[in-house]
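The values are calculated or read from the model by the stated rules, or taken from the named source; none is laboratory data. Note that the coordinates shown come from a computational prediction; the quantities given were computed from them, not determined experimentally. For neighbour counting, all protein chains shown are included, and Cβ atoms are generated from backbone atoms with ideal geometry for every residue, glycine included. To get the accessible areas, we keep the full protein, side chains included, count just its heavy atoms, and leave off ligands, DNA and RNA. Shrake-Rupley method; radii C 1.70, N 1.55, O 1.52, S 1.80 Å.
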Amino acid sequence: MALGRLHLITDSRPGRDPIAIVRAALSVATPDLVIQFRPADDWTDRMAYELANQIVALCRPAGVPVLVNDRLHVALATGASGGHVGADDLPVTAARRLLGPAAVLGATSRLPATALRAVGDGADYLGVGPCYATSTKDGLPVSIGPEGLRAVARQCAGTPIIAIGGVTVARVPELLAAGAHGVAVIGAVSDAADPARAVADLLATVAA
């Protein structure tokens, strides 16, 4: 599949409603929308499975792909389109073996060398960042900015780069100019007064 340019990552912070955000996003979806389901670390597999199952069921009729962060067995069990692994998750080679050749597999990277290795190991796209400071995930390394993203994009020409970390609609143009194929967002949508409008604005900006 052609990889969409807007990856909406579900917000797993307490008090957030991932299903409501997904519904809002689907109301304005274009072919550029991808949903990334990110379970919180302390969620049980059962809880992650049930939520992912609901999200896949909502997205499938709309033709919107769903990727599952970290818990690849949940991706397989729910029939998601694929998964995404971070630095502390399964290695990319193991993730690819588990998901099979047809699934979409993303890997997080912040440095050109690790990005190149991830692509060689079977990643279809790279989540690169954090590009800016963000409060939606704890313990992240220092932000790399558009210049850091540009360095990865140069090293991995031909592999879609999805910029992540502190992304706002105003920052999208400079990230695309630095070589990003698209962007991943959490707070820019889940903290918005009108999540559907926020998704529509982001979709318009990545497509411009």
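Residues being over 21 Å from ALA198 (Cβ atoms) and among the β-branched types (Val, Ile, Thr) are entirely absent from segment 4-26.
Results for (1) among the polar types (S, T, N, Q); (2) under 14 Å from the mean Cα position of the chain (by Cα); (3) open to solvent by 40 Å² or more (accessible area, probe 1.4 Å); (4) at negative phi, shown as yes or no for each residue.
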{"position": "PRO65", "(1), (2), (3), (4)": "no, yes, no, yes"}
{"position": "HIS73", "(1), (2), (3), (4)": "no, no, yes, yes"}
{"position": "ALA80", "(1), (2), (3), (4)": "no, yes, no, yes"}
{"position": "VAL85", "(1), (2), (3), (4)": "no, yes, no, yes"}
{"position": "LEU90", "(1), (2), (3), (4)": "no, no, yes, yes"}
{"position": "THR93", "(1), (2), (3), (4)": "yes, no, yes, yes"}
{"position": "LEU98", "(1), (2), (3), (4)": "no, no, yes, yes"}
{"position": "LEU111", "(1), (2), (3), (4)": "no, no, yes, yes"}
{"position": "THR114", "(1), (2), (3), (4)": "yes, no, yes, yes"}
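Does segment 138-153 contain at least one residue that is buried (at least 16 other Cβ atoms within 10 Å of the Cβ) and in contact with a Lys or Arg (Cβ under 7 Å, 6 or more places away or on another chain)? Yes, because at least one residue in segment 138-153 is buried (at least 16 other Cβ atoms within 10 Å of the Cβ) and in contact with a Lys or Arg (Cβ under 7 Å, 6 or more places away or on another chain). If you go through segment 119-145 and pick out every residue that is touching a Gly at 6+ places or on another chain (Cβ under 9 Å) and in a helix (DSSP H, G or I), you end up with 1.
Applying a threshold of 9 Å to beta carbon distances and a minimum spacing of six or more residues, or different chains, the list of pairs starting in segment 60-83 at a residue that is under 14 Å from ARG97 (Cα atoms) and in a strand (DSSP E or B) and ending at one that is polar (S, T, N, Q) and open to solvent by 60 Å² or more (accessible area, probe 1.4 Å) is empty.
Taking segment 6-23 as the range and being of a type outside the set (Lys, Arg) and closer than 15 Å to ARG60 by Cα as the test, the residues that pass are ILE19, VAL22.
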